[in-house]
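Read the structure below first, then the notes.
Bear in mind these aren't lab numbers, they're just calculated from the coordinates by the rules spelled out. Everything quoted here is computed from the prediction, not taken from an experiment. When we count neighbours, we look across all protein chains shown, and the Cβ atoms used for this are built from the backbone with ideal geometry, even at glycine.
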Amino acid sequence: MHQQGLILILALQGFGIIGISIGGVNIIVWLVLALFTILELLAIYYRNSKTSIMALAAVWPLAVAGMIEVKYLPHFGVGYIIAIGAIIGELILYIQNGYSFKPRKAEYNPKAMKALYGIAILVALSEAATFIPLSQQ
């Protein structure tokens, strides 16, 4: 067998949510897209965010194309990165606005921000884990 990352090894052995797919697409991808869409729609509703409109218009066509044809997956990778970045950015704004989606005077909550940055780093590492070889066979 060839080199495999941690996520792939766990998915092949049937470990929990990592191995679940809907329509041939991993459940984690669906969850990221759903969270991205919800947060961007809230940003459009509460802040009249033009950037969120553009992000939705950029990510969803790439996602649909990537889910339909394998040859478009590299394009969807860019959209997936945009979606994860937008999620992290919206959560930062949510924390800075005093845990509200409505714009307010920005507040800095160091503990919450450190927790969010830690989660962001873990997400980045878990997404990159498929490219880190763990075994040689």
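Assorted remarks:
- Only the Cβ atoms of Lys and Arg (+1) and of Asp and Glu (-1) were treated as charged; on that basis the dipole of the stretch 21-131 about its Cα centre amounts to roughly 420 debye.
- Radius 12 Å from Cβ of Glu40, net charge of other residues (Lys, Arg +1; Asp, Glu -1): +1
- Listed peptides 84-90, 69-75, 95-101 appear in the order 84-90, 95-101, 69-75 once ranked by packing, highest mean of other Cβ atoms within 10 Å at the front.
- Residue order for Tyr80, Tyr46, Tyr94, fewest other beta carbons within 10 angstrom first, comes to Tyr46, Tyr94, Tyr80.
- Residue ranges 48-56, 35-43 sort as 35-43, 48-56 when ordered by packing (mean number of other C-beta atoms within 10 Å per residue, highest first).
- Working note: Karplus 6.51/-1.76/1.60 with θ = phi - 60° gives the stretch 74-81 the couplings x, 5, 5, x, 5, x, 5, 5 Hz, where Gly and Pro are set to x.
- Computed from backbone phi, the HN-Hα couplings of the stretch 93-102 come to 5, 4, 5, 5, 8, x, 6, 9, 7, 6 Hz, rounded to whole numbers (Karplus: 6.51 cos²θ - 1.76 cosθ + 1.60, θ = phi - 60°; Gly and Pro given as x).
- Rounded, prolate or oblate (a/c below 1.5 giving rounded, otherwise prolate when a/b exceeds b/c) for the stretch 21-131 by Cα gyration tensor: oblate
- Residue by residue, the stretch 61-73 carries 3J(HN,Hα) couplings of x, 5, 5, 5, 4, x, 7, 8, 10, 4, 5, 9, 4 Hz when phi is fed to the Karplus relation 6.51 cos²θ - 1.76 cosθ + 1.60 (θ = phi - 60°); x denotes Gly or Pro.
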